[in-house]
Amino acid sequence: MDIDSVATADNAGARSFDAEGWERHLGADPVPWSARVPTPRLQFRATSTHRRWDDLVVVETATDPFTARRTRREIACTAQSSVAALMVESGELTLAQEDRSWKVSAGQAVLWSTDVPVRVQIAQPTRTRQLAAPRAAFDDVGCRLVAGPPHIARLPALHLLCGFLDSLAAMPAFCGRDMEVAARNAVLELMWGALRPDLPLDPQALRISRRAAVERFVDARLDDPQLSVDDVATAHGLSTRSLARLFHESGDTFSGVLRAKRLARVREDLITGVLPLDALARRWGFVDASHLTRRFRSAYGMPPHEYRMRAADCSNGSP
C-alpha cells in the first residue's frame, strides 16, 4: 500500500508491524493512507519490504485483513503525482473508486493513480507487490499515461513484469548507476505493456521522450571525463547505432551535443567563476586549455579569456 515510505534508504529490509504500528505507518507515508485494522487487533500482523531503482519504488507486503482509503485530505498531503501497479501474489483485495470496484485476485494487478480518491479492502491474509513511479517518468520512455479509472493487467505481460522484478531483486547493489537507469526504463515499458495495452505507443513520442531522457542523463554527468557514447547507450537500453540515429534525426550528433553542453558550462563558469582555463578544461572534459580554447572560439566567436573580460566589463558597467 505505501508506495514510497522509505525516502532516504534504498533496498530496506523487511519491517514488521502490529495493528497500531501498521495504521501509523500508512498514515505517515509520503503517499498517506487512512487505515483501519478490524478487531481482533491483537492477532494482526503485517510486514513490508522496500526496494528502489532510480525513481521507481517496489513495496512488498504480507498483511492480515485491514481497510484503507485515500480521500482528498490525504491527496492534498501528497507531494508528487505517481502511478502504481498493485499486484496480488496470494489472497485477494478489492479496490474501489467512487461507485465502482475491482476485485484483484492472485496473479492479477491493478493500476491506480495517487491523485484520485481510492479505497482498498483486504478481507483475508494477502501478499502484494506494488510498483510505483512518478507520472512524469513514463514520459521519459514515451509511455504517456492518461488519467482514468484503474486498469486490470493482462496476465502474460504481468508475468513478464514480475519475472523482471524478481531478476532485479537478485541484482547486486554494486551494479552501477548506468545499469540502474537502464533497468528503470525497462521496468516502465513492461509496466506500460501490462497495464495499458489499450493505448499503443506513439513511435514519434517515444523518440522525442527518449532523446529528452538521454539529455537529462548526460546533463547530470557533464563533469565526468570518462562519459562515453557506450555508457549512455547502455544506460538507456540502446545500441550505439540507435543512439546515433536518435540525434541524427534532428541533424545533431551525440558528440556534438555533448561538446555544446560542456562548452555552455564553461561559458557559465567564465561569467561567474575565477578558475583558470586549464582547470576549466579538466573540469569539463577537454584535453587541455588549448583544446578548450579552440572549441570555445569555434562555438562563441572569441577565445575564453576575451569572453571572460567582456563579461566582467558588462557587469561593471563599462561601455
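What follows is calculated from the coordinates using simple rules that are stated; it is not laboratory data. From a predicted model like this one, the values you see are computed outputs, not experimental measurements. Cβ: placed from backbone, ideal geometry, glycine included. Neighbour counts: every protein chain shown.
Loop-only check: which GluC sites (Glu not before Pro) in the range 239-319 are DSSP coil with at most 12 other Cβ within 10 angstrom?
Details: sites: E249, E268, E306; in loops: E249.
Those satisfying the criteria are E249.
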TODO: Run the quick spin-label model on S81 and V229: label points 7 Å from Cα toward the beta carbon, then report their separation in nm to one decimal.
DONE: 3.8
Open item on the list: Give me, ordered by chain and number, the residues 5 or more places off F66 or on other chains with an amide H under 5 Å from its own placed amide H.
Closed with: I122
Open item on the list: Quick one: 3J(HN,Hα) in Hz for the range 45-62, Karplus 6.51/-1.76/1.60 with θ = phi - 60°, rounded, Gly and Pro as x.
Closed with: 9, 8, 10, 8, 10, 10, 9, 9, 10, 6, 9, 9, 10, 10, 10, 10, 10, 10
- [ ] For a footprinting-style exposure proxy, rank V229, V57 by other Cβ within 10 Å, fewest first.
- [x] V229, V57
Open item on the list: With 10 angstrom as the radius, rank R241, R267 by how many other C-beta atoms surround their C-beta, starting from the fewest.
Closed with: R241, R267
Task: Residue exposure sequence - S48, S16 - by fewest surrounding Cβ within 10 Å - done: S16, S48
TODO: Can you tell me the FRET efficiency between Y300 and S242 if r is taken as the Cβ-Cβ distance and R0 is 22 Å, rounded to the nearest 0.05?
DONE: 0.10
